[in-house]
Amino acid sequence: MAGKPRVNTGKKGKLHLRSNWVLNYFHEVLKKHHAGYFVLIDPEQCEIEKCVKLAREVEQAGVDAILLGGSFLTNDLHSIAKALKQAIELPLVLFPGDSMHLTPHADAILYISLISGRNPNYLINEQVKAAPWIQRYALEPIPTGYMLIEGGNKTAVEFMSGTMPIPRDKPDIAGPHALAAQYLGMQMVYLEAGSGATHPVPDDMITVVKDQISIPLIVGGGIRTPEIAAEKVEAGADFIVTGNILEKNGSFELMKAFANAIHS
Ligand code: 1GP
């Protein structure tokens, strides 16, 4: 796998990326497996040694990338990201709750705009604050339309962002949001029921959204079994994210079962 390519071309010695190697890698995963699997590691949920152990198992289980982040962060993101990057070769992609959740020790960042909400802070303000640091850290930004979908309980992202999720029985509202993301030039759409959601994003909503867009569709939140993951892929998800289930009850066998169910 290619490493993080950097080239120093800017004024004042600023680093600029030479390529979109992580996004290209995601597209290669889709060509190879039809669907891909991301595991979310929340730095708030594990100490460094535990995160590293989990990441090593994730890599061996055939997962396609690690997302690192969460809605609320008090642990030292730099140390955790650095330790993970030294331990694994998989792409390490930041999944930030806000513009403070940045580190140079990752490969890329889901440069998310919370398009289901109407809070300007998460539509553009956090992105502006993060931009100079993404440049300085030579992170690959992957522009992503992030849509919060009602998952049956109040989630951290809903509370922290102060936005209302799209009702789970309104795929007709979700579809145009995703299409708008594509028209705005975003490279991925993320349907998020929220970490620990009671119900994952409904299949019919995934299908409606997938029909609207040609960019990859990520689905996460409340996916607890390989069977449900496979069902979401069948409905149209290109990438599945799991977080809680592996952090809390994870076993190597379960990770492999998820990877196999998603890849096949
Ligand atoms: C949250 O979609 C991810 O952003 C993962 O959710 O922790 O419920 O798997 P879970």
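Comparison of L73, L84, L102, L54 shows that the only residue that is within 25 Å of S161 (Cα to Cα) and either crowded, with 24+ Cβ neighbours inside 10 Å or within 16 Å of the ligand (Cβ to nearest atom) (or both) is L73.
Does the range 247-262 contain any residue that is within 26 Å of Y111 (Cβ to Cβ), more than 16 Å from the ligand (Cβ to nearest atom) and at pLDDT 95 or above? Within the range 247-262 (the criterion being within 26 Å of Y111 (Cβ to Cβ), more than 16 Å from the ligand (Cβ to nearest atom) and at pLDDT 95 or above), the answer is no, since none of the residues qualifies. Here the condition is being over 30 Å from R56 (Cβ atoms) and touching an Asp or Glu at 6+ places or on another chain (Cβ under 6 Å); of P202, P171, P176, it holds for P171 alone. A single entry from T225, T198 fulfils the requirement of being without any contact (Cβ under 8 Å) to a residue 40 or more places away in the chain, surrounded by fewer than 16 Cβ atoms within 10 Å (Cβ to Cβ) and within 13 Å of the ligand (Cβ to nearest atom): T225. Against the list (1) within 16 Å of the ligand (Cβ to nearest atom); (2) in a helix (DSSP H, G or I); (3) within 30 Å of Q182 (Cα to Cα), the condition W133 fails is (1). Within the range 239-264, residues that are closer than 24 Å to M188 by Cα have Cβ atoms under 7 Å from residues that are among the polar types (S, T, N, Q) in these pairs: G243/S195; N244/S195; F258/T242, counting only partners at least 6 apart in sequence or on another chain.
Close Cβ contacts (under 8 Å, 6 or more residues apart or on different chains) running from residues in the range 34-50 that are within 13 Å of the ligand (Cβ to nearest atom) to residues that are of a type in the set (S, T, Y) and open to solvent by 10 Å² or more (accessible area, probe 1.4 Å) comprise L40/S195; D42/S195; E44/T74.
The values are calculated or read from the model by the stated rules, or taken from the named source; none is laboratory data. Here the structure is a predicted model, which is why all the values come from computation and not from measurement. FYI the Cβ positions are ideal-geometry reconstructions off the backbone, even for glycines, and counts take in every protein chain you see. Note: areas computed on protein heavy atoms with side chains; ligands, DNA, RNA excluded. Shrake-Rupley method; radii C 1.70, N 1.55, O 1.52, S 1.80 Å.
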